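See below for the structure under consideration.
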Amino acid sequence: MVVVKQVASWMEAWAPRWMAMQDDPVGLGIGDPQATVETVLVALEVTPAVLEEAVAQHAQLIVTHHAPLFHRLASLNEADAHQRLIRRLVENGIHVYNAHTNLDIAPGGINDLLAQRLGLQPTQLLAPTGHLRLLKVVTFVPSQAAEAVRMAMAEAGAGFMGAYSHTTFTASGTGRFLPTEGAHPAIGTVGRLEEVPEERIESIVRTDQAQAVEKAIRRAHPYEEPAIDFFEEAFSPEIGLGRVGSTPEPLTLAEWVDRVRERLNLAHLAVCGELERPIHRVALCGGSGGSLIGDAIAAGADLFITGDINHHAAWEANEAGMALIDATHYATEQVMVEAVTTYLRRCAKQEGLTLRVEPAQSAVPPFSMI
Ligand SMILES: [Zn+2]
């Protein structure tokens, strides 16, 4: 049985709430952490159509990027369309969990997903917002159990480095111990000094996941008293909004337009700049990235891809000689739906839990391109 809180903890293993921008209401926006969930619907946002789909699918939880309660409400009046939507969610027992700027910022989140979709190899952040707080975790395991412990550590969140997961280092050695009265050793006997071939496994872990990793090691480790150490990690990589990178071969702006249209399923998009110019460095930001135009110029980008670019921001880019593609707020963030669906299915499967996770089919952008 899965409860809302469990799905929330899976989401927060990926995009912890502390990563969100200040005053961004992320987490369980509507609902009960203890409620049972059999079906989850994943959507960019809760529209009336997505609500209807959730009811029809008997989904108890909707996981979104945009929070339905982003702005404070002073009432829940049936006469107001948005307030009515909130009332319907509650009346139908539908819980809503949202990961917003924390999912934009998180490694592997919306900006990395967008970069991946567009074939851009990100080499730096567009706008750093903070640092990952990391610990070094070290444990000593009898050789035959080392693989199980390594996997358990990785599944609990240890070993994430950029686009890599499951990163560990292992060295072989000898463990010595003497089980005394009252001990129930997995290897050896009470009163006799034992020598066991052991492996030292080390990895890194975010501070907010250290407890989960410790628990996972204890579950997978055969010893009664496993040695587990956590050390402060001096290395603390930056995290932030947007990404900057390049393609193996530079494309022209016209080729970028074709690529973005094709890979984000857009019939039309807005472009600013000379179509034949070569693009070496590309900045991107999912959603509404117009306020980061100055950062993109400062990062030396030849092209900035985002959504919701306004008139004056476009001129600012134009004057600085940087091309722009407005690929819409919706299309640049819609990449989260497939990724969150796959991720939650994998989390449930890894823990042997039955959970149906479906991408919303009824979600549409607010604008039509005609
Ligand atoms: Zn957005």
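A few notes on this one:
- For the residues 185, 222, 226, the requirement of being outside any strand (DSSP E or B), in contact with a strand residue (DSSP E or B) (Cβ under 8 Å, 6 or more places away or on another chain) and free of Cβ contacts under 8 Å to residues at least 40 places away in the same chain singles out 185.
- Condition check for residue 264: modelled with pLDDT of 95 or more, in contact with a Pro (Cβ under 9 Å, 6 or more places away or on another chain) and not hydroxyl-bearing (Ser, Thr, Tyr): no
- Just so you know, in region 290-307 the residues that are in contact with a Gly (Cβ under 9 Å, 6 or more places away or on another chain) and either modelled with pLDDT under 95 or farther than 22 Å from residue 109 by Cβ (or both) include one that is nearest to the ligand (Cβ to nearest atom), and it is 290.
- Only one of the numbered conditions (1) in a strand (DSSP E or B); (2) within 26 Å of residue 115 (Cβ to Cβ) is not met by residue 154, and that is (1).
- In this structure, residue 316 does satisfy being over 24 Å from the mean Cα position of the chain (by Cα), more than 16 Å from the ligand (Cβ to nearest atom) and modelled with pLDDT under 95.
- Evaluating residue 156 against the criteria (1) touching a strand residue (DSSP E or B) at 6+ places or on another chain (Cβ under 9 Å); (2) at positive phi; (3) not hydroxyl-bearing (Ser, Thr, Tyr) leaves one unmet condition, (2).
- Residue in region 4-25 that is in a strand (DSSP E or B), buried (at least 17 other Cβ atoms within 10 Å of the Cβ) and touching a residue at least 40 places away in the same chain (Cβ under 8 Å) present: no
- Residue match in region 224-235 (condition: aromatic (Phe, Trp, Tyr) and farther than 27 Å from residue 17 by Cα): no
- For region 342-356, the candidate set comprises residues that are of a type in the set (Lys, Arg) and out of contact with any strand residue (DSSP E or B) (no Cβ under 7 Å at 6 or more places or on another chain); within that set, the residue that is nearest to the ligand (Cβ to nearest atom) is 346.
- Of the residues making up region 230-251, those that are farther than 30 Å from residue 216 by Cα and buried (at least 17 other Cβ atoms within 10 Å of the Cβ) are 241, 242, 243, 244, 245, 246, 247, 251.
- Failed item in (1) exposed (fewer than 15 other Cβ atoms within 10 Å of the Cβ); (2) modelled with pLDDT under 95, with residue 278 passing the rest: (2)
- Candidate set: region 35-93, residues that are within 16 Å of the ligand (Cβ to nearest atom) and outside any loop (DSSP other than H, G, I, E, B); chosen: the one farthest from residue 341 (Cα to Cα): 50
- The number of residues in region 350-368 that are farther than 24 Å from residue 328 by Cβ and at pLDDT 95 or above comes to 5.
- For region 180-229, the tally of residues that are under 30 Å from residue 131 (Cβ atoms), surrounded by 15 or more Cβ atoms within 10 Å (Cβ to Cβ) and of a type outside the set (Gly, Ala, Ser) stands at 15.
- Residue selected from region 85-128 under the condition touching a Pro at 6+ places or on another chain (Cβ under 8 Å) and among the small types (Gly, Ala, Ser), by the criterion farthest from residue 73 (Cα to Cα): 115
- Residue within region 298-318 that is out of contact with any strand residue (DSSP E or B) (no Cβ under 8 Å at 6 or more places or on another chain), surrounded by 15 or more Cβ atoms within 10 Å (Cβ to Cβ), farther than 20 Å from residue 247 by Cβ and not β-branched (Val, Ile, Thr) present: yes
- Residue among 339, 363, 327, 323 that alone is away from the ligand (no atom under 16 Å from the Cβ) and either small (Gly, Ala, Ser) or closer than 14 Å to residue 65 by Cβ (or both): 323
- Residue check, residue 296 in contact with a Ser or Thr (Cβ under 8 Å, 6 or more places away or on another chain) and either in a helix (DSSP H, G or I) or touching a residue at least 24 places away in the same chain (Cβ under 8 Å) (or both): no
- With respect to the conditions (1) over 15 Å from residue 253 (Cβ atoms); (2) touching a Lys or Arg at 6+ places or on another chain (Cβ under 6 Å); (3) hydrophobic (A, V, I, L, M, F, W, C), residue 315 lacks only one, and its number is (2).
The values are calculated or read from the model by the stated rules, or taken from the named source; none is laboratory data. What you see is a predicted model; the values in this text were computed from it and never measured. We place every Cβ from the backbone using ideal geometry, glycine too, and count neighbours over all the protein chains shown.
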